[in-house]
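Peer 1: Got a structure for you, written out below as structure tokens; questions coming shortly.
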Amino acid sequence: MTGLFSVQYRRSITVVYIDFSKASDSVVHSKLLDKLASCGISGCLLRWIGHFLSKRTHQTRVGLSLSEVAKLTSSIAKAVT
């Protein structure tokens, strides 16, 4: 509703899109949250991002078989040498 009101009365709005698709498997979540906080993101938005990253799950389907739901963590896989 706010966006429609702003367009109707020629007022500007600011929209920010953040793509977290890679954050859940390539970045330590606590470091990401610290970085976002250092950029000035705080309060409800920072808590929302933290909850979004911490409540992630994964499930795999092969044919008609479905795996159990697994909770995703922020650990980064390391190559075995």
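Peer 1: Quick check on my filter: what residues within segment 55-64 are in contact with a strand residue (DSSP E or B) (Cβ under 9 Å, 6 or more places away or on another chain) and either modelled with pLDDT of 80 or more or of a type in the set (A, V, I, L, M, F, W, C) (or both)? Write out each step before concluding.
Peer 2: So in segment 55-64, the residues in contact with a strand residue (DSSP E or B) (Cβ under 9 Å, 6 or more places away or on another chain) come out as 55-60.
Selection gives T57, H58, Q59, T60.
Peer 1: Report every pair of residues separated by at least 6 positions or lying on different chains whose Cβ atoms are under 6 Å apart, first residue within segment 61-79 and assigned to a strand (DSSP E or B), second at pLDDT below 85.
Peer 2: Close Cβ pairs satisfying both conditions: A70/H58; K71/T57.
Peer 1: Conditions: (1) assigned to a helix (DSSP H, G or I); (2) at pLDDT below 75; (3) hydrophobic (A, V, I, L, M, F, W, C). F20 meets all but one. Number of the miss?
Peer 2: Only one criterion in (1) assigned to a helix (DSSP H, G or I); (2) at pLDDT below 75; (3) hydrophobic (A, V, I, L, M, F, W, C) is unmet by F20, namely (1).
The values are calculated or read from the model by the stated rules, or taken from the named source; none is laboratory data. In this text the structure is predicted, and so the values were computed from the model without any measurement. FYI the Cβ positions are ideal-geometry reconstructions off the backbone, even for glycines, and counts take in every protein chain you see.
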